[in-house]
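Below: the structure, in structure tokens.
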Amino acid sequence: MAHAPKKTKPAAKAAKNGARPQQTRLWLMYPPKLITRPIIWELGHKFAVSTNVRQASVTDEIGIVCLELDGEREQIKAAIAWLEKLGVNVEPVEINVIES
Amino acid sequence: MEKHEGFMKALKCRECGREYPLAATHVCEFDFGPLEVAYDYDRIKKSLTRAAIEKRPQTMWRYRELLPIAGEPTVGFQVGFTPLVKADRLAKRLGIRELWIKNDTVNYPTLSFKDRVVSVALSRARELGFKVVACASTGNLANSVAANAAAAGLKSFVFIPSDLEQGKVINSLVYGANVIGIKGHYDEVNRLCAEIAGKFGWAFVNVNMRPYYAEGSKSMGFEIVEQLGWRAPQHTVVPMASGSLLTKIHKSYQEFMKLGIIPESRYHVHGAQATGCSPISVAQKAGLDFFKPVKPNTIAKSLAIGTPADGFYALKVMKETGAVAEDVSDDELREGIKLLAEYEGIFAETAGGVTVGVAKKLIASGRIPADDSVVLCITGNGLKTLDAVVGHTGRAREIKPSLREFEALINAEGELSAAI
Ligand SMILES: Cc1ncc(COP(=O)(O)O)c(C=O)c1O
Ligand SMILES: [Zn+2]
């Protein structure tokens with residue numbers, strides 16, 4: 001199964017709470033005004049998640065990053081909400097799952 | 001002994017080329033690139049010839065060597081081989097020498113091209129031992145999964161945004177599908193569906209089955225080539241949501257050429273979108289090789305994907321085939337629906353209106369030269385999107401049950417008397 005966690009490297013906090021860690025794979029797409037900001041670094045410090053960039057392409061038009069997040073589900077959800085509030089487009093690795 | 005996998009060789013990453021076993025998996029572990037089915041073309045060449053194809057039943061399965069199942073199909077035997085209609089009246093109206101309509105408004109059983117992809121996904125799901133199939137959809141895909149699963153005796157789950165119109169929900173519920181409405185913003189619902197797909201051991205047709213599922217669209221291209229008398233059309237106009245259909249039409253022409261079934265020829269595969277959701281078309285027109293996500297705002301709901309998964313590959317195909325993309329407004333797509341209905345007697349859903357509207361623009365601007373030949377992929381039935389044209393057609397005249405009143409009406413309206 002594609003999403004089944006492989007090697008889980010739980011973030012410290014998640015392990016302490018005994019909460020189940022999970023792995024989430026996302027595509028982030030961000031507008032030019034955010035390209036200069038170290039978003040992934042900030043994310044790793046604000047939330048108890050470990051970040052792993054698997055692919056990235058940044059031009060002066062758009063930033064596209066494929067990111068693997070490990071952590072507790074609630075932390076991952078909070079991290080996604082934070083990204084969306086910044087104006088980052090957050091898609092699952094499959095991108096559009098809902099079709100017509 | 002090696003497992004029999006028909007004419008398939010492996011799943012292959014479109015980014016790095018790494019190979020994976022032919023399982024229910026869809027993403028490269030290394031770079032998260034999408035996986036695609038790779039075939040043994042040398043073996044296919046020995047069994048797939050024009051003569052062999054012509055002897056087989058008239059369904060999409062007559063090209064089965066190029067479809068990703070190991071054995072014989074078990075779901076959707078009757079799908080495909082829809083009419084290719086020579087549209088002389090519409091050709092004249094649009095100012096083009098030769099025009100054909102590939103009419104998937106009458107595809108079996110749920111009246112859209114999605115029956116092609118779904119029957120492949122479900123046949124493969126059965127081979128892999130799945131008992132439950134699922135999808136996340138706002139319309140055509142849900143209907144097709146529900147119907148084809150019912151006919152095959154598979155259990156189905158259909159995930160939808162909770163605010164979906166009643167009519168579209170009934171079209172899945174009637175087949176006994178388990179329909180789950182999810183409340184929330186589109187992006188949130190989309191991510192949850194991805195999570196559910198990963199968590200349950202189901203065949204999620206457009207997620208873990210996607211490499212197989214997407215290949216089903218090639219059958220539309222194979223049929224076009226055969227029905228044209230074994231040639232690739234100079235121009236094909238294809239509606240784009242995720243962009244997958246466009247890339248697979250291209251792949252179908254490529255495969256027939258590679259196998260020597262048709263001679264090499266130059267062709268263009270043009271993409272059509274609605275202006276209210278046109279990330280791929282905007283990128284193509286700007287000469288970019290990537291798109292920027294958008295928030296959809298169009299009546300063409302079947303094409304309303306703001307972040308298209310195959311957008312990047314669709315742009316590549318258009319570049320490779322010297323093709324273009326274009327988009328049309330909601331008014332223009334309504335006009336497209338009416339042109340197709342009034343000139344060819346084919347009632348298409350909004351995606352068809354987009355395709356006709358875009359073809360009209362490309363012909364008028366000379367990007368499709370007037371002397372060339374064009375095929376339009378019309379992918380879904382108009383009865384599914386009646387709302388789109390309500391209030392935009394002519395109206396019915398009403399009279400009392402009196403012959404005198406009818407005669408008075410005829411005399412009063414010039415258009416009616418001209419019809420006598
Ligand atoms: C009627 C119709 N036409 C065209 C498309 C476009 O398909 P794709 O996502 O392969 O670009 C869809 C997709 O949902 C559709 O429902
Ligand atoms: Zn790869």
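Just so you know, all these numbers are worked out from the coordinates, no wet-lab data involved. Keep in mind it's a predicted model, so treat the numbers as computed, not measured. A quick note on method: Cβ atoms are made from the backbone with ideal geometry, for glycine too, and the neighbour counts reach across all protein chains shown.
For the range B:1-67, run through the chymotrypsin sites (Phe, Trp or Tyr not before Pro) and keep only the ones in DSSP coil with at most 12 other Cβ atoms within 10 Å of their Cβ.
Details: sites: B:Phe7, B:Phe30, B:Phe32, B:Tyr39, B:Tyr41, B:Trp61, B:Tyr63; in loops: B:Phe7, B:Phe30, B:Phe32.
Counting only loop positions with at most 12 other Cβ atoms within 10 Å, the chymotrypsin sites (Phe, Trp or Tyr not before Pro) in the range B:1-67 are B:Phe30.
Treat each spin label as a single point 7 Å out from the Cα along the C-beta direction, and report the B:Arg395 to A:Lys85 distance in nm.
5.1
Classify the range B:136-200 as rounded, prolate or oblate, taking a ≥ b ≥ c as the square roots of the eigenvalues of its Cα gyration tensor: rounded when a/c is under 1.5, otherwise prolate if a/b is larger than b/c and oblate if not.
oblate
Whole angstrom only: what separates the Cα centroid of the range B:42-114 from the Cα centroid of the range B:1-35?
Value for the Cα centre distance between the two parts: 26 Å.
Where in chain B is the longest stretch that carries no GluC sites (Glu not before Pro) classed as loop by DSSP and with at most 15 other Cβ atoms within 10 Å?
Counting at most 15 other Cβ atoms within 10 Å as exposed, the longest clean stretch of chain B is B:30-164.
Counting only Cα, what are the radius of gyration and maximum Cα-Cα distance Dmax of the protein assembly as shown, in Å?
In order Rg, Dmax, the Cα atoms of the protein assembly as shown give 24.1, 88 Å.
Given Cβ point charges of +1 (Lys, Arg) and -1 (Asp, Glu) and nothing else, what value in debye, to the nearest 20, does the dipole of the protein assembly as shown about its Cα centre take?
Once rounded to the nearest 20, the dipole reads 1080 debye.
Determine, for B:Cys16, B:Cys135, B:Cys28, the number of other Cβ atoms within 10 Å of each Cβ, and report the residues in order from fewest to most.
Listed from fewest to most nearby Cβ atoms, that is B:Cys16, B:Cys28, B:Cys135.
Label the range A:22-62 by shape, choosing from rounded, prolate and oblate, from the square roots a ≥ b ≥ c of the eigenvalues of the Cα gyration tensor; if a/c is under 1.5 it is rounded, and otherwise prolate applies when a/b is larger than b/c, oblate when it is not. Could you put the intermediate results ahead of the total?
Details: a/c = 2.66, a/b = 1.56, b/c = 1.71.
Oblate is the answer for the range A:22-62, as a/c is 1.5 or above yet b/c matches or exceeds a/b.
Can you pick out the pairs among B:Lys12/B:Lys168; B:Lys86/B:Lys114; A:Lys77/B:Lys384; B:Lys183/B:Lys292 whose Cα atoms lie more than 28 Å from each other?
B:Lys12/B:Lys168; A:Lys77/B:Lys384, as the Cα separations exceed 28 Å there.
In debye, nearest 20: dipole of the range A:21-72 around its Cα centre with unit charges on the Cβ of K, R (+) and D, E (-)?
Here the size comes out at about 60 debye.
Mind checking the range B:236-320 for trypsin sites (Lys or Arg not before Pro) that DSSP puts in a loop (not H, G, I, E or B) and that have at most 13 other Cβ atoms within 10 Å?
Working: sites: B:Lys248, B:Lys251, B:Lys258, B:Arg266, B:Lys285, B:Lys301, B:Lys316, B:Lys319; in loops: B:Arg266.
Qualifying residues, ordered by number: B:Arg266.
In the range B:127-201, which trypsin sites (Lys or Arg not before Pro) fall in coil by DSSP and have 14 or fewer other Cβ atoms within 10 Å?
When the trypsin sites (Lys or Arg not before Pro) of the range B:127-201 are filtered for loop state and at most 14 Cβ neighbours within 10 Å, B:Lys131, B:Lys183 remain.
Cα centroids of the range B:312-370 and the range A:32-100: how far apart, whole angstrom?
Cα centroid of the range B:312-370 versus Cα centroid of the range A:32-100: 35 Å apart.
Could you compute the FRET efficiency for B:Glu19 and A:Ser57, with r as their C-beta to C-beta distance and R0 at 22 Å, rounded to 0.05?
For B:Glu19 and A:Ser57, the calculated efficiency is 0.35.
Rounded if a/c is under 1.5, else prolate if a/b beats b/c, else oblate: with a ≥ b ≥ c from the C-alpha gyration tensor eigenvalues square-rooted, which is chain B? Provide the component values of the computation, followed by the final result.
Numbers: a/c = 1.65, a/b = 1.38, b/c = 1.20.
Cα axes put chain B in the prolate bin.
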